[in-house]
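Derivation of every value follows stated rules applied to the coordinates shown; laboratory data play no part. Computed from a prediction, not measured in an experiment: that's the story for all the values here. Don't worry about glycine lacking a Cβ; one is built from the backbone with ideal geometry, like all the others, and counts go over all protein chains shown.
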Amino acid sequence: MSQPSKRVINLKAENGGVYISGTEAVTPPAGAQFPYFEAILCLQAAVANLTASNITGDSIAAVQIPAGAIIYGKFQSITLASGAVIAYLGC
């Protein structure tokens with residue numbers, strides 16, 4: 001019987017991350033091995049517009065993220081209206 005593929009999320013942030021507190025759109029650095037952010041850790045309550053390739057449904061615009069929350073996905077772009085986050089690069 002074949003085994004389902006398993007994926008372990010990089011909880012050690014081995015590929016680094018980007019601190020974001022401004023209101024300009026932020027994308028993964030050029031040359032990143034994986035061109036997406038895999039997790040967003042909210043340091044200061046934030047309102048964000050997120051572009052993700054693996055999240056479907058309603059728009060993920062003006063999302064309110066409480067301090068301490070972590071959001072997982074494949075985020076290609078993060079734009080904050082307020083707050084501060086660390087966006088961890090994919091692995």
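Note down the relative contact order for the chain as a percent, whole number, built from C-alpha pairs under 8 angstrom at least six residues apart.
The normalised contact order for the chain reaches 44 percent.
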Report task. Might you report the magnitude of the Cβ-based charge dipole of the chain about its Cα centre, with Lys and Arg at +1 and Asp and Glu at -1, to the nearest 20 debye? Result -> 260 debye
Query raised in the report: Taking N as the number of residues in the chain, what is its alpha-carbon radius of gyration divided by 2.2 N^0.38 Å?
Result: 1.11
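Just want the ordering: THR51, THR23, from fewest to most Cβ atoms lying within 10 Å of their own Cβ.
Working: THR51 17, THR23 10.
Fewest-to-most Cβ neighbours within 10 Å comes out as THR23, THR51.
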